[in-house]
Amino acid sequence: MNKNNGRVYNFSAGPSMLPLEVMENVAEQLTNYMGCGQSVMEMSHRSKEFEAIIEDAEKNLRNLMDIPENYKVLFLQGGGTLQFSMVPINLLKKSKKADYIVTGTWAKKAAAEAKKFGDIKIVASSEDTTFSYIPKVKKEDFRADADYIHITFNNTIYGTHFGYIPETGDIPLVADMSSCILSEKIDVTKFGLIYAGAQKNIAPAGVTIVIIREDLIGFAPAETPTYLDYKVHAENGSMYNTPPCFTIYVAGEVFKHILKNGGIDPLNKLDVEKAGRLYKFIDESKLYNCPVQEDSRSLMNVVFITGDADLDKKFIAEAKAAGLVNLGGHRSIGGMRASIYNAMPMEGVDALIAFMKKFEEENAK
Ligand SMILES: Cc1ncc(COP(=O)(O)O)c(C=O)c1O
C-alpha cells in the first residue's frame, strides 16, 4: 500500500489507473449528477444533460489534441479490435490495397483482419527480433496506389513506440494509438484516421475514439452492416444508437482534468521523466534488462526481464505483495511490463524503482 489513498500502484496495461481526482469527483456525482436527480448511468442519451456531456467531451478532446475542423470525432464501441475491421471496410475504397507495418501482436491482428477485405501487404515487420524495434520505413516502400497505410503507434505488449511519423505522401496514414493517445502532442493533420480504445489513458473500457478526416467518410460498400459505417456515426453525432454513455462521461471528465492541468505538454513532460527514470535504472542495473532498442522505447509500457523466468515470477509475486500490482508481461512473452500511463504518478515509478533495487540486492548471484 502507499500514500495513494490506500490504493495500490497498478501497472496494468489496460484497463489501467485513472486520475484519482476524476474518480472521486465521479463518485461524488454518481447517484445525482449535477443536481439533476439521476445518475449518468441512468439517464437517456437523448437528454439535454447527456447531450451536453458528449458535446463537451468532443469539444475538450478537440481542444487537447488540436483536432482540425475537417476531422470528425466519433465515440464508438467494439474496442480497438472492431477498428481492425472498420478501417479496411471503410477505407479500402479504390485499389482495395493497403500496406501495414507490423510491429506487434495488435498490428498483426489488424493486418489479418484487413486481409478479409482486400489486398494487404506487410511492408515492414520487426517480428524477426520479437518486435524489439520499430522499422524505419520510407515513402518508396509503400505501394503508390495503396488506399491507406496502417501503423500501431505504440505497441503495448512489446513496449515500443514510433519515434517518427512515416512519410506517406497523399496516402492516408491510419494509426492505432490505443496505448499512447494523450501522452504526447501529435500533429493530427499527418493522419487520415486515428483510433484508440479508452481503457488506458482515457476512461474505463467501453468507448473507442475515432478521429477521421472527413474526405475518408462515405466509402463503405452498400452491404456494410449499419454500425460499421463511419458515415452513419458521423451523421448522427455518435448517437445513431445508444452510445456507452457512462464511459463517455468519464472520458469527458478526464479531458477536463487534463485541460485544467495545462493540457498534454505537462503530461508528456512527466511521462518522459517517469519512463526516463525507469529505463535509466534498468540500463544501469546488473539484474534487469530491457530488450527494446533504445530509439524505439515506449513512454507508456516499459518491458524488462531478468533472464531467468523463475526469478521473473518471484519478482512479480513479491512486487504484488508490496502493493505494486500487474507487473507481469503479456501472457504471450512473459517477463515484466510496467505500464506507466498518464495517471501513474511519479511516486508509483519511484516506488517501483526502490522495490527493484531491493529485489536486486536480495537476489544478486
Ligand atoms: C495497441 C492496441 N491496439 C488494440 C488493442 C485491442 O483493443 P480492445 O481490447 O479495446 O479491442 C489493444 C489492447 O490492449 C492495444 O493495446
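Before moving on, here are some points about what is shown:
- Scaling against 2.2 N^0.38 Å puts the C-alpha radius of gyration of the chain at 1.01.
- For segment 155-232: rounded, prolate or oblate by the Cα gyration tensor [a/c cutoff 1.5]: oblate
- Charge sum, other residues only, whose C-beta stays under 13 Å from Cys180's C-beta, Lys/Arg counted +1 and Asp/Glu -1: 0
- Contour minus Cα-Cα distance for Lys139 and Glu21 (0.36 nm per residue): 38.1 nm
- Rolling a 1.4 Å probe over the protein heavy atoms of segment 1-56, with every protein chain left in place, gives an accessible area that is 51 percent carbon and sulfur.
- Within the listed set Ile186, Ile202, Ile67, the Gaussian network model of the chain (springs between alpha-carbon atoms below 10 Å) gives the highest mean-square fluctuation for Ile186.
- One way to sum up the overall shape of segment 8-157 is the equivalent ellipsoid from its Cα gyration tensor, whose semi-axes run 38, 21, 14 Å, largest first.
- Using heavy atoms of the protein chains and a probe of 1.4 Å, the accessible area assigned to Glu362 is about 110 Å².
- Amide H contacts for Glu167 (H built 1.01 Å from N in the peptide plane; partners 5 or more residues away or on another chain; cut-off under 5 Å): Lys139.
- List Asp265, Asp271, ordered by accessible area with a 1.4 Å probe, largest first: Asp265, Asp271
- Gyration tensor (alpha-carbon) shape descriptor, segment 83-207, a/c threshold 1.5: rounded
- Set Lys200/Lys313; Lys96/Lys116; Lys115/Lys231; Lys72/Lys260; Lys136/Lys286; Lys313/Lys357 screened for pairs whose C-alpha atoms are more than 20 Å apart: Lys200/Lys313; Lys115/Lys231; Lys72/Lys260; Lys136/Lys286
- Annotation: the antiparallel percentage among DSSP beta bridges lying fully within the chain is about 55.
- Taking 0.36 nm per residue of separation and subtracting the current Cα-Cα distance, fully stretching the chain between Gln293 and Lys96 would add 67.5 nm.
- Farthest toward the positive end of the dipole of the chain, out of Gly252, Ile264, Asn289, is the Cα of Asn289, where the dipole comes from beta carbon charges about the Cα centre.
- Ile258 accessible area, assembled protein chains, probe 1.4 Å, Å²: 10
- Solvent-accessible area per residue for segment 61-205 (1.4 angstrom probe, square angstrom): 35
- Formal net charge of residues neighbouring Phe142 (Cβ-Cβ distance under 14 Å; K, R +1; D, E -1): -2
- Spin-label model distance (nm) - Ala321 vs Glu273, 7 Å beyond Cα toward Cβ: 3.3
- 12 Å beta-carbon shell around Ala13, net charge (K/R +1, D/E -1): +3
The values are calculated or read from the model by the stated rules, or taken from the named source; none is laboratory data. The shown structure was predicted, so the numbers you read here are calculated from the model rather than taken from an experiment. Neighbour counts are summed over all protein chains in view; Cβ atoms, including those assigned to glycine, are modelled from backbone coordinates with ideal geometry. Heads up: the accessible areas ignore ligands, DNA and RNA and are worked out on the full protein's heavy atoms, side chains in. Shrake-Rupley method; radii C 1.70, N 1.55, O 1.52, S 1.80 Å.
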